[in-house]
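A short reminder: the numbers here are calculations on the coordinates, not readings from a lab. The model shown is predicted, which means the values in this text are computed figures rather than measured ones. Cβ atoms come from the backbone with ideal geometry, glycine included; neighbour counts cover every protein chain shown.
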Ligand code: PAZ
């Protein structure tokens, strides 16, 4: 049975209180994002803002401990590649050190084990790549360099929850000028809870004080002002993760009703890389990776992106 649902917390108007300090570079990044979006939109390209990775919520102001979550950023990073392949320009709002497009394919490889040192003539030397250690590296490098040379990928990094909230707001406002050419693909796993600065101890919490009890507030939902005020013409996709499959679709439908955006990609923690459901107001579409597709290293993100493209086109033509 679904759990009772509390109302959306304050700041649904999109004003981030002093509890969330703005990063010092937010205006600079807003300008970069606006220029990026306008340049690409003017040349007929669509622009997608992808959020990716988890968030870190500090327990102390001089942070020793924090609450984190499981998200690796794989969904966001691989989706970015499929959007690029489909002709989109991508703003990649990702958590520092979460997976990054292209290089993600070599996560866990020790770079030094994939390189070979070769002495050359007259004191010169070369470093060679062992392509067995870095499979497909030549093709991946070629794709990455083409994307870079065409200026199609704008990476923007966040560390803390506050940074994420401010940068997402800035991104939404920056993309407003390109109307329905913009897509928001909100795959980051953002904490629902935080400890306000005013209630946070400054110094490291002492274990000598005994067991720890913390009380957390709810993080303001950004989707409401994003859809209503910041980028009302954009095509907006949110993600919903649950661990209990029996409440997944109900939660996805509730999100659509509450925020009035275009679609929710619903997934369950354990099966998220092989199965998702794309839920819209009038439809639900299951995407599944078959055994054969897994063998061929096809990724579910390719299917998600392929499914969303015609929906975005239709939305733009409405
Ligand atoms: O980052 P990842 O590939 O490990 O996981 C992806 C995901 C589960 C974070 C994403 O698909 C998702 O559901 N994001 C929204 C999570 C939520 O707040 O419900």
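Computed packing ranks the peptides 146-156, 40-50 as 40-50, 146-156, most packed first, by mean other Cβ atoms within 10 Å. Between residue 126 and residue 269, the distance separating the two model label sites (each 7 Å from Cα on the Cα→Cβ line) works out to 5.0 nm.
Please work out whether segment 250-318 counts as rounded, prolate or oblate from its C-alpha gyration tensor, where a ≥ b ≥ c are the square roots of the eigenvalues and a/c under 1.5 means rounded, while otherwise a/b larger than b/c means prolate and anything else oblate? Since a/c reaches 1.5 but b/c is at least a/b, the shape of segment 250-318 is classed as oblate. Computed over the Cα atoms of segment 85-170, pair by distinct pair, the Kirkwood hydrodynamic radius stands at 15.7 angstrom. With N the number of residues in segment 169-318, Rg(Cα) / (2.2 N^0.38 Å) evaluates to 1.28.
Kirkwood hydrodynamic radius of segment 52-205, from the reciprocal of the average inverse Cα-Cα distance over all distinct pairs: 18.3 Å. The order of the peptides 22-29, 262-269, 225-232 by mean Cβ neighbours within 10 Å, most packed first, is 262-269, 225-232, 22-29.
Computed extension length for residue 17-residue 113: 29.7 nm, one decimal, from 0.36 nm per residue of separation with the Cα-Cα distance subtracted. Beyond 25 Å, what percent of the Cα pairs of the chain remain? The answer is 55 percent, as a whole percent.
Note on residue 291 and residue 229: the model spin-label points, each 7 Å out from Cα along the C-beta direction, lie 5.3 nm apart. Ellipsoid fit via the Cα gyration tensor, segment 208-264: semi-axes of 30, 18, 8 Å, each the root of five times an eigenvalue, largest first. Averaged over residues, the count of other Cβ atoms within 10 Å places the peptides 124-137, 199-212 in the sequence 124-137, 199-212, highest first. So for segment 87-136, considering every pair of alpha-carbon atoms, how many percent are separated by more than 14 Å? Beyond 14 Å sits 66 percent of the P(r) for segment 87-136.
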